[in-house]
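A short write-up of the structure that comes next.
The values are calculated or read from the model by the stated rules, or taken from the named source; none is laboratory data. Quantities reported herein were computed from a predicted structural model and do not represent experimental measurements. Don't worry about glycine lacking a Cβ; one is built from the backbone with ideal geometry, like all the others, and counts go over all protein chains shown. Only protein heavy atoms, including side chains, enter the accessible area calculation; ligands, DNA and RNA are left aside. Shrake-Rupley method; radii C 1.70, N 1.55, O 1.52, S 1.80 Å.
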Amino acid sequence: MDAIIIENIPFDIQAKQLYPILKIESNRKYAERLDILLASARNIACPRVAYKLAAVEYDNDGTVLIDGVCLMSRVMQVNFEDCRRAFPFIATCGMELEKWSRTLTDTLDIFWADTINMMALGTALEAFKRHLTDTFETRMTSTMNPGSLEDWPLSEQHKIFSILNAAGETIGVQLTESAMMVPLKSVSGIEFESGEKFHSCQLCPRDKCPSRRAPYDEQLYAVKYNA
Amino acid sequence: MKESLISVQKAVNELMFDEIKGLVFACLDEGIPPLEIIEAGISKGLELVGEQFETGTYFLADLVMAGEVVKEAMPILEEKMDPGAAGQKGKIVLATVEGDIHEIGKNIVGMLLNVNGYEVIDLGVDVSAGKILAAVKETGARLIGLSALLSTMIGGIKEVVDSVVEAGLKDHVKVVIGGACTSEQLKEEMGADGYGETAVQAVKIFDKLSAT
């Protein structure tokens with residue numbers, strides 16, 4: 001199956017949503033400055049997603065093959081045990097926002113733009129999950145991202161791009177040799193149907209992480225994933 | 001401690017953008033020297049912000065906005081100070097390593113170092129070891145701060161550390177690393193001198209290294 005592009009995703013975040021996040025709700029001067037910045041961002045924002053419906057197969061040693069590409073992750077082997085299909089994807093805030101944020105020079109504006117771009121990426125991911133539910137009637141899905149855990153290193157990101165052929169370029173996402181995606185607010189991974197919700201955070205001991213979505217379970221790897 | 005200095009601390013700690021200038025002027029009117037206002041008022045206020053960040057009460061946005069509060073106050077104080085007093089703790093060359101263009105973490109560390117009395121020479125993102133070494137030689141900086149977000153970028157850290165060693169500067173120039181892919185263990189492996197898990201910790205590490 002060819003890659004599918006999701007675009008024309010509305011990005012209608014309101015300044016009022018950002019004030020408390022950026023700690024400026026009580027200050028008119030900063031609020032007005034953010035309003036202007038957000039208005040410019042909204043004018044050009046085009047978050048996008050490229051994904052593919054892919055077959056999940058297994059090598060003799062249990063290694064997972066997605067559309068014939070071998071992915072080296074023990075956690076994936078276990079998580080994908082009952083999966084016959086999965087959805088490799090690349091989501092991005094879009095090169096328009098990336099280019100815009102690169103024109104900013106003030107530290108505060110750069111920080112705010114980073115938050116806006118992150119929210120645009122979040123909007124893309126939400127649209128992707130809604131699309132999967134509507135199109136494939138997926139129930140509970142979970143996500144695995146290369147680089148989130150040592151078990152599935154960042155270098156494997158090249159394989160996601162390879163599975164999606166040139167779809168990354170189509171949505172304006174470039175992958176550098178060192179596996180960095182540009183626009184920076186882009187994410188690649190595989191969405192899969194799971195009986196119970198999986199978050200990489202459950203296996204990640206890094207504390208004070210602002211992106212943590214589930215508590216670290218010290219025993220989980222040994223109990224569930226250790227071969 | 002004088003009540004007016006405690007008010008400055010509080011204004012920084014509680015992100016009181018509108019009040020900070022008036023409070024700093026009040027301190028000056030009382031005859032408190034600018035350097036004392038910075039050290040006992042502003043830096044102490046930032047220290048409190050840092051403590052709240054460490055305990056998870058404050059987030060990155062609070063840290064950034066505390067920097068903005070300080071930026072409101074600093075021009076008033078700098079104008080009254082001996083020009084040589086700014087950046088009195090020393091010079092730091094700051095950069096995101098070659099191949100990496102993430103800058104938010106580096107910018108926040110730079111802002112905190114600046115308001116804590118360092119002169120920051122920010123070389124930007126995607127900076128080669130050669131450029132970093134050249135900046136160190138040109139400015140006489142004895143501290144380098146390196147940011148790297150992705151695990152695939154750690155080669156850039158090693159190149160900087162190696163270039164410092166090859167230039168015969170290892171005993172004089174200290175390298176501090178930070179960013180999502182870095183750790184105390186990586187610091188050891190790379191031969192760096194310090195690791196800051198957070199921006200607040202990075203300042204403490206630089207303080208420690210600059211004192212040696």
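Name the residue that is surrounded by the fewest Cβ atoms within 10 Å (Cβ to Cβ), counting only residues in segment A:147-192 that are among the small types (G, A, S) and touching a Ser or Thr at 6+ places or on another chain (Cβ under 6 Å). Taking the candidates together, the pick is A:S178. Does segment B:64-71 contain at least one residue that is closer than 27 Å to A:M118 by Cα, charged (D, E, K, R) and open to solvent by less than 70 Å² (accessible area, probe 1.4 Å)? Checking segment B:64-71: at least one residue is closer than 27 Å to A:M118 by Cα, charged (D, E, K, R) and open to solvent by less than 70 Å² (accessible area, probe 1.4 Å). Of all positions in segment B:86-94, none carries a residue that is out of contact with any Gly (no Cβ under 8 Å at 6 or more places or on another chain) and assigned to a helix (DSSP H, G or I).
Name the residues in segment B:161-193 that are on the phi > 0 side of the Ramachandran plot and surrounded by fewer than 18 Cβ atoms within 10 Å (Cβ to Cβ), would you? Can you show your working first?
Within segment B:161-193, the first condition is being on the phi > 0 side of the Ramachandran plot, and the residues that meet it are B:168, B:179, B:191.
Result: B:G168, B:G191.
Going by the conditions given, is A:N117 touching a helix residue (DSSP H, G or I) at 6+ places or on another chain (Cβ under 7 Å), open to solvent by less than 20 Å² (accessible area, probe 1.4 Å) and of a type in the set (S, T, N, Q)?
yes
Among the residues of segment A:16-42, those identified as facing chain B (nearest Cβ under 10 Å), open to solvent by 10 Å² or more (accessible area, probe 1.4 Å) and part of a helix (DSSP H, G or I) are A:P20, A:I21, A:R28, A:K29. Is it the case, given these coordinates, that A:A124 is open to solvent by less than 40 Å² (accessible area, probe 1.4 Å), assigned to a helix (DSSP H, G or I) and of a type in the set (G, A, S)? Taking the combined requirement at face value, the residue satisfies it. All told, B:I101 meets the bar of being within 12 Å of chain A (Cβ to nearest Cβ) and either free of Cβ contacts under 8 Å to residues at least 24 places away in the same chain or out of contact with any Lys or Arg (no Cβ under 6 Å at 6 or more places or on another chain) (or both).
For the structure I just gave you, tell me whether B:T139 is at pLDDT 90 or above, farther than 21 Å from B:L46 by Cβ, of a type in the set (S, T, Y) and surrounded by fewer than 17 Cβ atoms within 10 Å (Cβ to Cβ).
Numbers: at pLDDT 90 or above: yes; farther than 21 Å from B:L46 by Cβ: yes; of a type in the set (S, T, Y): yes; surrounded by fewer than 17 Cβ atoms within 10 Å (Cβ to Cβ): yes.
It is true that B:T139 is at pLDDT 90 or above, farther than 21 Å from B:L46 by Cβ, of a type in the set (S, T, Y) and surrounded by fewer than 17 Cβ atoms within 10 Å (Cβ to Cβ).
In segment B:4-20, which residues are assigned to a helix (DSSP H, G or I) and touching a helix residue (DSSP H, G or I) at 6+ places or on another chain (Cβ under 6 Å)?
If we filter segment B:4-20 for residues that are assigned to a helix (DSSP H, G or I), which is where we start, we get B:4-13, B:17-20.
Selection gives B:S4, B:L5, B:S7, B:V8, B:Q9, B:A11, B:V12, B:N13, B:F17, B:E19, B:I20.
Is it the case that A:G195 is of a type in the set (G, A, S), touching a residue at least 12 places away in the same chain (Cβ under 8 Å), more than 14 Å from chain B (Cβ to nearest Cβ) and surrounded by fewer than 12 Cβ atoms within 10 Å (Cβ to Cβ)? Yes. For residues in segment A:84-114 being in a helix (DSSP H, G or I) and more than 14 Å from chain B (Cβ to nearest Cβ), which is least open to solvent (accessible area, probe 1.4 Å)? Among them, the one singled out is A:L97.
Residue by residue, here is whether (1) free of Cβ contacts under 8 Å to residues at least 60 places away in the same chain; (2) on the phi > 0 side of the Ramachandran plot; (3) of a type in the set (F, W, Y); (4) outside the structural domain of B:T55 (by TED's automatic domain parsing) holds:
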residue: B:G105; (1), (2), (3), (4): no, no, no, yes
residue: B:I108; (1), (2), (3), (4): no, no, no, yes
residue: B:D126; (1), (2), (3), (4): yes, yes, no, yes
residue: B:L146; (1), (2), (3), (4): yes, no, no, yes
residue: B:M153; (1), (2), (3), (4): yes, no, no, yes
residue: B:Y195; (1), (2), (3), (4): yes, no, yes, yes
residue: B:K204; (1), (2), (3), (4): yes, no, no, yes
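Kindly indicate which of B:K170, B:K187 is away from every other protein chain (no Cβ under 14 Å) and over 20 Å from B:K131 (Cα atoms). Explain how you work it out, then say what you get.
On the way: B:K170 fails: over 20 Å from B:K131 (Cα atoms).
From the options B:K170, B:K187, the qualifying one is B:K187.
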